[in-house]
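The values are calculated or read from the model by the stated rules, or taken from the named source; none is laboratory data. The shown structure was predicted, so the numbers you read here are calculated from the model rather than taken from an experiment. Here the Cβ positions follow ideal geometry from the backbone for every residue, glycine too, while neighbour counts run over all protein chains shown.
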Amino acid sequence: MSHSSFQDDVLGELGDDRMTEIAGLLGTDTSGARETVTQTLGVMADDLTQKFDTQDADGAEVRQAFAEVSEAEPPLQGVATFGGLGGLLSGGVMAGVLAKVSKPVAAAVSKRTGIPAATISRVIETLIPVVLAVLAKRAAGRTAGTGAAGTADGAGAGAGGATSADPGELLGGGKK
């Protein structure tokens, strides 16, 4: 599955300062950091999409997280994004899901790149708030003018919230 638009959105949201910070963590230049971030985001998106489609507790949690993102208030702009987004950045379900997948994602990226998994984990920690902001913006743009569907508590996230919170729409190609 192609996640290039999602990756581009996250890279754009990161900006030069954070990309330089990530390059420092990786011991490389910004071009190398960009490549590692792109790979990491691809593995993360694939993992989330795969989990979304499973019928176990992890799948239910991922579906609930996407439903929460889809139902969140419109994203705030600028510095305010780090204190708002309907609680997404302060411990929402998606933040927890991203934290859970960070270890297997770090291991997979480490295996592909040779960069230690602990270093990739630190990069992922830097990426999580940015990924949350991008997902919220994409969900708000996708649902503008329509009512949000799904359940607030995620109880019906198996079938009820799946359609309104499809990760393919938020992580896939998106707007071109």
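Screening THR28, THR49, THR38 for residues that are β-branched (Val, Ile, Thr), surrounded by 15 or more Cβ atoms within 10 Å (Cβ to Cβ) and in a loop (DSSP other than H, G, I, E, B) leaves exactly one candidate, THR28.
Would a scan of the range 61-84 turn up a residue that is surrounded by fewer than 20 Cβ atoms within 10 Å (Cβ to Cβ), among the acidic types (Asp, Glu) and either over 15 Å from the mean Cα position of the chain (by Cα) or modelled with pLDDT under 85 (or both)? Full working, then the answer.
Just the residues of the range 61-84 that are surrounded by fewer than 20 Cβ atoms within 10 Å (Cβ to Cβ), to begin with: 61, 71, 73-74, 76-84.
Restricting the remaining residues to those that are among the acidic types (Asp, Glu) gives 61, 71, 73.
Of the ones still in play, those that are also either over 15 Å from the mean Cα position of the chain (by Cα) or modelled with pLDDT under 85 (or both) are 71, 73.
Yes: one or more hits.
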